[in-house]
1. Considering only the other residues whose Cβ falls under 14 Å of the Cβ of K42, what net charge follows from Lys and Arg at +1 and Asp and Glu at -1?
2. Using 0.36 nm times the number of residues separating D31 and D95, minus their current alpha carbon distance, what extension gain do you get?
3. Please arrange H74, H80 by how many other C-beta atoms lie within 10 Å of their C-beta, fewest to most.
4. Taking the Cα of R45, stepping 7 Å toward and past its beta carbon, and measuring to each backbone N in region 63-89: which are under 14 Å?
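Since every read-out is calculated from the coordinates, none of them should be taken as a lab result. No experiment lies behind these values; they were computed from the predicted model shown. Here Cβ is always computed from backbone atoms with ideal geometry, including for glycine, and neighbour counts include all displayed protein chains.
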Amino acid sequence: VLNSTRYWGVEQLPVSIVSFLVNHNAAHRYDDLVPTFPEYKKFFRSVRQVGSSPPDQTISTAIKVGLGVVAVRHLHQREHFDLNSCAYVTAAERDDLSSMTYLHESGCQWHEKTIAA
């Protein structure tokens, strides 16, 4: 969790959560986070899904669970996950124009299934 929130924490999480992670050594204990910050349960679950996805599906999973372009940018630029056409299709299916724009501007290959989505 700590690695995931290192960047996203600046964008989406209150300082109290980042502080809790650091001070309670809760880097891998999601069960400690949910009772303390129940309003972020969905976010923590989403981060967990992204972290457990196969490397070639990480960006698609981030889009699928609704983390948006901030997560896509982080995973691509900071964590060096590759962009692929599957991410394009997922963004199109979710009507995530911001992620589609980022994928396009970053050189992601267009896929004909994107039109159908």
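1. Around K42, the surrounding residues sum to +3.
2. 19.9 nm
3. Working: H74 20, H80 7.
In increasing order of surrounding Cβ atoms, one gets H80, H74.
4. In region 63-89, the label zone of R45 (backbone N under 14 Å from the point 7 Å along Cα→Cβ) covers 65-67.
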